[in-house]
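Here the structure is laid out as structure tokens; the discussion comes afterwards.
The values are calculated or read from the model by the stated rules, or taken from the named source; none is laboratory data. Since this is a predicted model, take the numbers as computed values, not measurements. So basically every Cβ, Gly included, is an ideal-geometry build from the backbone, and we count neighbours across all protein chains shown. With ligands, DNA and RNA removed, areas are computed over all heavy atoms of the protein, side chains included. Shrake-Rupley method; radii C 1.70, N 1.55, O 1.52, S 1.80 Å.
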Amino acid sequence: MQSPLINELIDAFKQLPTIGQKSAQRLAYYLLQDHQATGQRLASAIETAIEKVGHCQQCRNLSETDICSICASPARARQQVCIVESPTDVMVIEQSGVYQGLYFVLMGHLSPIDGIGPDQLGLPILKNRLQVGEVEEVIIATNPTVEGEATAHYIQQMASQQNIQVTRLAQGIPLGGELEYIDAGTLGQAFVGRKNIESQ
């Protein structure tokens, strides 16, 4: 009979994305057999990150400070705001090096069936930000899924009411794909080839 503590560790690993039963078992036994120091370091890093990492008050990206380093940087183009679904998307775009504006992180997409509406995505915060008058272009980089497109349409309408130019990442982003899996070259071309979205 397997130890209840080992079962609990395996079940904890299974809560992570893409980790199934066998992967969770391998990770648990790896840490418990000869890698206790690695496990302790991992546990400490997780505990510290959960305690100290929050959300930027301006863009909602993950940050240890009230205003993240991107929003605080005077080198960023403040007239552009790129709308993404997750912090992972910000990381991917930053790694591509093709964009020097600011961001707004939705932490998801519109999904009424799951109870996720504009308030859950922080869209009232975005609306207030757009009303200030500093933003000239909103670049919509939500994923090209049904939910992502519905979210993009909602944001487009909101930005158009403020007479702000709205563009959408263009070539190279496959239908149904997600930004975090797009290579840097393809993502760069999508930014260069972004297109205006006509208000309806």
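What percent do you get for the relative contact order of the chain when only Cα pairs under 8 Å and 6+ apart count?
15 percent
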Counting C-alpha atoms alone, how compact is the chain: give Rg to one decimal and Dmax as a whole number, in angstrom.
19.9, 66
Subtracting the Cα-Cα distance of GLU47 and GLN100 from 0.36 nm times their residue separation yields 15.9 nm
Quarter of the surface of the C-alpha convex hull for region 34-74, i.e. direction-averaged projected area in nm², equals 3.4 nm²
What's the extension gain from GLN131 to LEU32 if we count 0.36 nm per residue and subtract their Cα-Cα distance?
30.2 nm
Dividing the mean separation of Cα pairs under 8 Å (6+ apart) by the residue count of region 1-99 yields a relative contact order in percent of 11 percent
Report, in debye and to the nearest 20, how large the dipole of region 88-163 comes out about its Cα centre when Lys and Arg carry +1 and Asp and Glu carry -1 on their Cβ.
140 debye
Less than 13 Å apart at the alpha-carbon level, and either on another chain or at least 8 residues along: which aspartates and glutamates does that give for LYS22?
ASP11
Between the modelled labels at LYS22 and GLU180 (7 Å from Cα along Cα→Cβ) the distance in nm is 2.3 nm
Using bins 5 angstrom wide from zero, how does P(r) for region 4-113 break down, in % of all Cα pairs?
2, 10, 14, 17, 13, 12, 13, 10, 6, 2, 0
Given R₀ = 25 Å, what would the calculated FRET efficiency be for ARG78 paired with HIS55, taking r from the Cβ atoms and rounding to 0.05?
0.80
Sorted by chain and then number, the residues having a modelled amide H within less than 5 Å of the amide H of ILE140, at least 5 places away or on another chain, are ILE83, THR167, ARG168, LEU169
Give me the percent of the accessible area of the chain that comes from carbon and sulfur atoms, probe 1.4 Å, all protein chains in place.
53 percent
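Given the Cα-Cα distance of MET91 and ASN7 and 0.36 nm per residue of separation, how much length would full extension add, in nm?
Numbers: separation 84, 0.36 × 84 = 30.24 nm, distance 3.37 nm.
Full-extension gain reported as 26.9 nm.
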Using the alpha carbon gyration tensor of region 49-155, what are the three equivalent-ellipsoid semi-axes (square root of 5 times each eigenvalue), largest first, in whole Å?
21, 17, 14
Determine the per residue accessible area of region 115-174 with all protein chains present and a 1.4 angstrom probe, expressed in square angstrom.
46 Å²
